[in-house]
Amino acid sequence: MAKMKAVQITAAGAEFQLVERDIPAAPARGVRVRVQACGICHSDALTKEGIWPGIAYPRVPGHEIAGVIDEVGTGVEGWKKGQRVGWDGTAGKTVPAWRAGAATLRIARTS
């Protein structure tokens, strides 16, 4: 299986760790995004320091992304491979995959 690089935190207060993970398939009714840029926000700092209540580790921070759709899952309409996209600021909070640090999340068009 193809691999991707990710930066994770293995425990509260731990150093960032560069790891390789399997690239997941786009889920049904979802897309996979090849991340080209990622912001770090206050919630990522809380995650790193272990202040966010009930968080599980290991954890991949950085949910504020911009990139390109590189795979479209079954049942998806209105999105296509190669389309530029970015996180819309709210949808990720409702997606269980986002909470698990997965590479898939709901997105908003940027072009």
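The values are calculated or read from the model by the stated rules, or taken from the named source; none is laboratory data. Keep in mind that what you see is a predicted model, and the values were worked out from it rather than measured. Every residue, glycine as well, gets a Cβ built from its backbone with ideal geometry; the counts of neighbours run over all protein chains shown. The area values use the complete protein model at the heavy-atom level, side chains included, leaving out ligands, DNA and RNA. Shrake-Rupley method; radii C 1.70, N 1.55, O 1.52, S 1.80 Å.
Quick look at the values:
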read-out	value
Extreme residue, farthest from K5 (Cα to Cα), among residues of region 61-90 that are in contact (Cβ under 8 Å) with a residue 40 or more places away in the chain, open to solvent by 50 Å² or more (accessible area, probe 1.4 Å) and assigned to a loop (DSSP other than H, G, I, E, B)	G75
Qualifying residue in region 17-28 (condition: touching a helix residue (DSSP H, G or I) at 6+ places or on another chain (Cβ under 9 Å), closer than 22 Å to A2 by Cα and open to solvent by less than 40 Å² (accessible area, probe 1.4 Å))	no
Qualifying residue in region 45-54 (condition: out of contact with any Ser or Thr (no Cβ under 8 Å at 6 or more places or on another chain), open to solvent by 30 Å² or more (accessible area, probe 1.4 Å), at pLDDT 90 or above and at positive phi)	yes
Qualifying residue in region 30-42 (condition: at negative phi and touching a Leu at 6+ places or on another chain (Cβ under 6 Å))	no
